[in-house]
Every structure is written in C-alpha cells, then in structure tokens.
1. Over chain A, what is the mean sequence separation of C-alpha contacts under 8 Å (at least six apart), divided by residue count, expressed as relative contact order in percent?
2. What residues have an amide H closer than 5 Å to that of A:Y176, excluding those fewer than 5 places away on the same chain, when H is modeled at 1.01 Å from N in the peptide plane?
3. Could you list the trypsin sites (Lys or Arg not before Pro) in region A:1-103 that lie in coil according to DSSP, counting only those with at most 15 other Cβ atoms within 10 Å of their Cβ?
4. Return, for the Cα atoms of the protein assembly as shown, the radius of gyration and Dmax in Å, separated by a comma.
5. Just tell me how shielded A:111-120 is by partners: mean number of partner chain Cβ atoms within 10 Å of each residue's Cβ, no decimals.
6. Leaving out same-chain residues fewer than 8 places away, which aspartates and glutamates sit with a Cα under 13 Å from that of A:K201?
7. Which loop-located chymotrypsin sites (Phe, Trp or Tyr not before Pro) does region A:29-89 contain, where loop means any DSSP state but H, G, I, E or B and the Cβ has at most 13 other Cβ atoms within 10 Å?
8. So what is the relative contact order of region A:129-212, in percent, for Cα pairs below 8 Å that sit 6 or more residues apart?
Amino acid sequence: MNIFRLLGDISHLLAIIILLRKIWMSRSCAGISGKSQLLFGLVYTTRYLDLITSYISLYNSVMKVVFLAASYATIYLMYVKFKATYDHNHDTFRIEFLVVPAVALALLINHDFQVVEILWTFSIYLESVAILPQLFMVSKTGEAESITSHYLFALGVYRGLYLLNWIYRFWAEDHYDLIAIVAGVVQTVLYCDFFYLYITKVLRGKKLQLPA
Amino acid sequence: ASSKGIHDEL
C-alpha cells in the first residue's frame, strides 16, 4: 500500500458517499444517471467475486464489501425508493454499446482464460467507460448540480491517483498490470474535459453549465 | 516483470 493508492481509495469512497448522501438528504436522484450506477454495480459485482476465492487483507475485504453495499444501496434508492425523482428522460445512453464490447474485449484480451479472471477483466474494461451515461446526461441537460460535480470530481481524482500508484509500483515493486493501466488511462482521459469545467466553474462558485 | 493475475487492488 502506498500513499497514492490509499488516497485513491479514500477519494473513491468519498465519491460514493457524496452521491449516497446527496440522494438521501435531498430525497431525490435528479441529475444522476441510473445507468451509470447500474454499470458500477455490475463492475463491483464482477470484480469482487474474488472476495470468496482469495484473501488479500482485512482492508481489502472491508473496502470491497463497503463498495458493493454502497453501490447496491444507490441502485435501490434510485430505482425503488426515490424512483419518482429519477430523470429517465435524460438518461438515454445505450449501455449495451458499452457492455457488449467490454465482454468481447475481456474474452479476447485477458491474462488467463478462466471465469473469475475474465470477469475481473470485464469489470476493468467496463469501469473505464461506466461514467459515460452520466457524462452524457450532463451534456444533454447542459448542467450539473454542484454536488453532482463534486461526485464526478472525486471519482476522477480516484482514477488519476491510481495512475500515480501504478507508476510508483512499477519502479518501487516492479509490479505492473497492462490491462489495468491501459483501461485506467482511458478512464482518466474521459474525465479530463470535466476536470477543466470543474476547476474553471464549480471551484469559482459557479454552477457547472455547458455553453449552449 | 508484469504481475498479471495478481489483483491486490480495489
């Protein structure tokens, strides 16, 4: 465990908590893409199946359980409890365009052709693009609430920190995983445009609003 | 070396 990874995990956790808290306190999931949340649920489920098969550390297991529970709780709040506030008219991204290629790529490019390994690979590929329905929703409505922006920012920071973690691990531990690195770079790049808007607008107290 | 198959991250 190095500082980049720890801060990355904290940022990831913070993002999930910000989102859950926002939905719970406002009793509304307006502006949030349920499709992105479903994809993240699928990402955590397929990746953390190894909770049963391999033990890494208490930290690792606890975090996995927390991510799974928080993800399912978010989906429950969006699709059951506060379903009436879900803005599905603006959440129109076709997720099969992400899921099908992620499955195909996981079958083609993986470390080992075994069920758990392919599910892990699928989760890595899918995570890299899972935020697209949310970014699409923001671009469609042309704006995002500040709290939604904070959520997206924390999620982007998490991936950025993981990149630093991989650079560190490459020279300090001689450890690298090309699948995770390439997918992680793609994922971080997807947030770049948003980072720019976040820094130039949200941090200056303005609402994130795209030019018409 | 590439540490493929070792998934110790979240």
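1. The value is 31 percent.
2. B:S3
3. Here the sparse-neighbourhood loop sites are A:R27, A:R94.
4. My reading of the Cα-based Rg and Dmax gives 17.2, 52 Å.
5. Partner Cβ neighbours, averaged per residue: 2.
6. A:E143, A:E145, A:D193
7. Listed in order of number, the matching sites are A:Y55.
8. Averaging sequence separation for qualifying contacts and normalising by length gives 47 percent for region A:129-212.
No lab work stands behind these numbers, since they all come straight from the coordinates. Note that the structure is a prediction, hence the values are computed from the model and not measured. FYI the Cβ positions are ideal-geometry reconstructions off the backbone, even for glycines, and counts take in every protein chain you see.
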